[in-house]
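Beneath this line is the structure, given in structure tokens, with notes to follow.
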Amino acid sequence: MSFCRPAIASMSLGRAWVHPLSEKLSQAAHAGFEGVEIFYEDLEYLAKEKGSLRNETLFAAAHEIRTMCDRHGLEVIGLQPFLFYEGLIDRAQHEQRLQKLKVWFRIAKILGTDIIQIPSNFQSDGISGDRNLIVADMIEVADLGLKETPVIRFAYENLAWGTYISTWEDMWDIVRRVDRPNFGCCLDTFNIAGRVWADPASPSGKTSNADMDLRKSIESLTQMIDVRKVFYIQVVDAERMESPLVHGHPFHVEGQPARMSWSRNARLFLYEEEKGGYLPVVQVAEAFLKGLGYRGWVSMELFSRTMADPDPTTPQTHAQRGIRAWNGLKRELRL
């Protein structure tokens, strides 16, 4: 793709048990989005409405989603998130995840996408940080994907709260060592800036050397990452916490990393400073789009407490907020 196209993640328009997927997709298309990431929660909830989570019901739900997307002129850019895969110590669990992946292959084909996104594992126990094991696990899925027709690609994403893989440098080390044509990455402004620059548990909302560390990080990113391995990007901001996200904060969950609690409750679309947005999103996005020269799908991926707002206008509101972010970025970076 020689140009950029706007997409949005389905859950960013509202949680599955609150807002029907049909309305979310309709609002996304009406706002001007051309693509959609399908969040597995939406597919699973649709299957539950059909009576079960058996594979055949999941496949039927995928067909229904594909029909809805086709009706609205939306392209499915990926299926996500394939959770808790890499580094499992219990290899019987590893095999179970591979069996589940084969179901995802079928779902992806029905949806008309060739991308499955794998976020870095954030389980607190039962996983290993051994890079050799993680690489071997990823080679295994990549090789399975290569046997599919069409080939299934995997977009690995570093989560800012990942147990062992939390930075883009960690993620890129794995991608580089896997060395398969169908194994690449998803670059996310939140998971980069939210890890190296921001700290929701800090009174300042920032890490100690935030600006310098971010500048060095994105300089390295533009030099090290092969843009051909960037399968799509996500652009999103987050709220600055009014008080540190520690014990006693309303978003605090015992045993859960502060960045994870922050991510689940308080992301924002770009250009929403009036709502508390403060991350250097444009600086990071510019590194993707100008520094690397990335062209392709740009997804507005939001997680927020507002996704569960029962107001029936939530999908419309979120779609309009998302497309404003895209249009603003397009103007600012002259895309």
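Pull up the cross-link candidates among the aspartates and glutamates for K147, meaning alpha carbon to alpha carbon under 13 Å and not fewer than 8 places away within one chain.
Within the straight-line cut-off, K147 pairs with D114.
Run the helix sum for the chain: -39,500 (n - 2.57) per DSSP H stretch of 4+ residues, divided by residue count, reported at 222 nm to the nearest 500 deg cm²/dmol.
After summing the helix terms and dividing by residue count, I get -13500 deg cm²/dmol.
May I ask you to give the average projected area over all directions of the convex hull of the Cα atoms of region 17-79, in nm² rounded to one decimal?
The Cα convex hull of region 17-79, projected and averaged over all directions, gives 3.9 nm².
Towards the positive end of the charge dipole of the chain, with charges on Cβ (+1 Lys, Arg; -1 Asp, Glu), say which of I110, Q316, N55 has the farthest Cα.
I110
Show which aspartates and glutamates lie in cross-link reach of K24 when reach means a straight Cα distance below 16 angstrom and same-chain residues fewer than eight apart are skipped.
Leaving aside aspartates and glutamates fewer than 8 places away in the same chain, those within reach of K24 are E34, E37, E41, D42, E44, E64, D70, E75, E301, D309, D311.
Arrange M171, M307 by Cβ neighbour counts within 10 Å, fewest through most, would you?
M307, M171
Beyond 37 Å, how much of the Cα-Cα pair distribution for the chain remains, as a whole percent?
Everything past 37 Å amounts to 11 percent.
Whole Å is fine, so just give me how far the alpha carbon centre of region 75-150 lies from that of region 267-333.
Centre-to-centre (Cα) distance: 27 Å.
Mind pulling up the Rg/Rh value for region 75-171? Radius of gyration and Kirkwood radius, both on Cα.
Here Rg/Rh amounts to 0.96.
Pairs to check: K48/K330; K50/K109; K216/K275. Give those whose C-alpha atoms are more than 31 Å from each other in this structure.
Over 31 Å apart, Cα to Cα: K48/K330.
Values in this text are rule-based calculations from the coordinates and carry no lab data. Everything quoted here is computed from the prediction, not taken from an experiment. As a convention, Cβ positions derive from the backbone with ideal geometry for all residues, glycine included, and neighbour counts pool all protein chains shown.
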